[in-house]
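A short worksheet on the structure shown next.
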Amino acid sequence: MARGGATASTQVQLTVTDEDRLEFDAAWLTYERILGQNSSHLSITDSLDLPSNAPNGSTINWESSKPDFVNVKGEVTRPSIDQGHQTLTLTATIFLGTFYLQKTFNIKVKVRDEDLAAADRDWLTGDVILNGNESLDMITTDLYLPQRGENGSIITWTSGMPEFVDGNGV
């Protein structure tokens, strides 16, 4: 402090406890840190980065509510179309000295895109597109040509005979 040419100094001693360091490490452990190559915790398609150590000396143990889809190493097994997208919880138990705390991460492991597309291909039958017509050999009214499959696949249509049926089923 300086006032009128006089100065004074104060010495302050800060102590960071193990509990403080544990809290710092818990704050460090975020979705962004564990996502790896995944773009969102709601669209997991690739392995996660689940650290076992934190920068302030804590150790981290992991538990998965569905280890068949994400194990404690962060390895991901994508569900089948029959199993559907899988929502699960990863629990990190963070230890430092005699202290610990838990932090949870809710994620969704997605079915493989090619499985979704295959299911949509299987769904897209003559019965779906007939739209009241008697058969594919007897078209008398517009067809139903969906732009999306049941599982979200984008469907585009072209016609080899656009003078009779265009890409919109008309």
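The values are calculated or read from the model by the stated rules, or taken from the named source; none is laboratory data. This structure is a prediction, so every number in the text was calculated from the model and none was measured. FYI the Cβ positions are ideal-geometry reconstructions off the backbone, even for glycines, and counts take in every protein chain you see. Surface accessibility is based on the protein's heavy atoms, side chains included, excluding ligands, DNA and RNA. Shrake-Rupley method; radii C 1.70, N 1.55, O 1.52, S 1.80 Å.
For the stretch 102-111, does any single residue satisfy the condition of being surrounded by 12 or more Cβ atoms within 10 Å (Cβ to Cβ), of a type outside the set (D, E, K, R) and farther than 30 Å from PRO51 by Cβ?
Within the stretch 102-111, the subset surrounded by 12 or more Cβ atoms within 10 Å (Cβ to Cβ) is 103, 105-111.
Checking which are of a type outside the set (D, E, K, R) leaves us with 105-107, 109, 111.
Narrowing further to those that are farther than 30 Å from PRO51 by Cβ: none.
Scanning the stretch 102-111, I find no residue that is surrounded by 12 or more Cβ atoms within 10 Å (Cβ to Cβ), of a type outside the set (D, E, K, R) and farther than 30 Å from PRO51 by Cβ, so the answer is no.
Go through the stretch 112-140 and count every residue that is within 30 Å of SER40 (Cα to Cα) and either exposed (fewer than 13 other Cβ atoms within 10 Å of the Cβ) or not hydrophobic (A, V, I, L, M, F, W, C) (or both).
Final tally of qualifying residues: 7.
Would you mind finding the one in ALA27, ALA92 that is crowded, with 18+ Cβ neighbours inside 10 Å and more than 18 Å from GLY152 (Cα to Cα)? Full working, then the answer.
Values: ALA27 fails: crowded, with 18+ Cβ neighbours inside 10 Å.
From the options ALA27, ALA92, the qualifying one is ALA92.
Looking at the stretch 33-58, I want the residues that are within 15 Å of GLU75 (Cα to Cα) and have a partner that is open to solvent by 20 Å² or more (accessible area, probe 1.4 Å) and modelled with pLDDT under 95 with Cβ atoms under 9 Å, at least 6 apart or on another chain. Which pairs are those?
Qualifying pairs under 9 Å: THR45/ARG112; THR45/ASP113.
Out of everything in the stretch 148-160 that is open to solvent by 100 Å² or more (accessible area, probe 1.4 Å) and of a type outside the set (Asp, Glu), what residue ends up being farthest from SER80 (Cα to Cα)? Steps first, answer last, please.
Start the filter on the stretch 148-160 by keeping residues that are open to solvent by 100 Å² or more (accessible area, probe 1.4 Å), which leaves 148, 150, 154, 156, 158.
Applying the additional criterion that residues be of a type outside the set (Asp, Glu) yields 148, 154, 156, 158.
Values: ARG148: 20, ILE154: 20, THR156: 25, THR158: 31 Å.
Restricting to residues being open to solvent by 100 Å² or more (accessible area, probe 1.4 Å) and of a type outside the set (Asp, Glu), the top hit is THR158.
Is it the case, given these coordinates, that LEU143 is surrounded by 15 or more Cβ atoms within 10 Å (Cβ to Cβ) and more than 34 Å from the chain's Cα centre (by Cα)?
On the way: surrounded by 15 or more Cβ atoms within 10 Å (Cβ to Cβ): yes; more than 34 Å from the chain's Cα centre (by Cα): yes.
Taking the combined requirement at face value, the residue satisfies it.
Looking only at the stretch 56-70, how many residues end up being open to solvent by 40 Å² or more (accessible area, probe 1.4 Å) and not β-branched (Val, Ile, Thr)? Full working, then the answer.
Applying the first criterion (open to solvent by 40 Å² or more (accessible area, probe 1.4 Å)) to the stretch 56-70 yields 56-57, 59, 61, 63, 65-68.
Pick out the ones that are also not β-branched (Val, Ile, Thr) and you get 56-57, 61, 63, 65-68.
Final tally of qualifying residues: 8.
Could you tell me how many of the residues in the stretch 87-131 are closer than 30 Å to GLU23 by Cα, out of contact with any Gly (no Cβ under 9 Å at 6 or more places or on another chain) and touching a residue at least 12 places away in the same chain (Cβ under 8 Å)? Give the derivation first.
Step one: of the stretch 87-131, the residues closer than 30 Å to GLU23 by Cα are 87-109.
Among the residues that remain, those that are also out of contact with any Gly (no Cβ under 9 Å at 6 or more places or on another chain) are: 87-89, 91-95, 98-109.
Of the ones still in play, those that are also touching a residue at least 12 places away in the same chain (Cβ under 8 Å) are 87-89, 91-95, 98-101, 103-109.
Of the residues in the stretch 87-131, 19 are closer than 30 Å to GLU23 by Cα, out of contact with any Gly (no Cβ under 9 Å at 6 or more places or on another chain) and touching a residue at least 12 places away in the same chain (Cβ under 8 Å).
If you check ASN38, ASN53, which single one turns out to be surrounded by 15 or more Cβ atoms within 10 Å (Cβ to Cβ), polar (S, T, N, Q) and at pLDDT 95 or above?
On the way: ASN53 fails: surrounded by 15 or more Cβ atoms within 10 Å (Cβ to Cβ).
Of the residues listed, the single one that is surrounded by 15 or more Cβ atoms within 10 Å (Cβ to Cβ), polar (S, T, N, Q) and at pLDDT 95 or above is ASN38.
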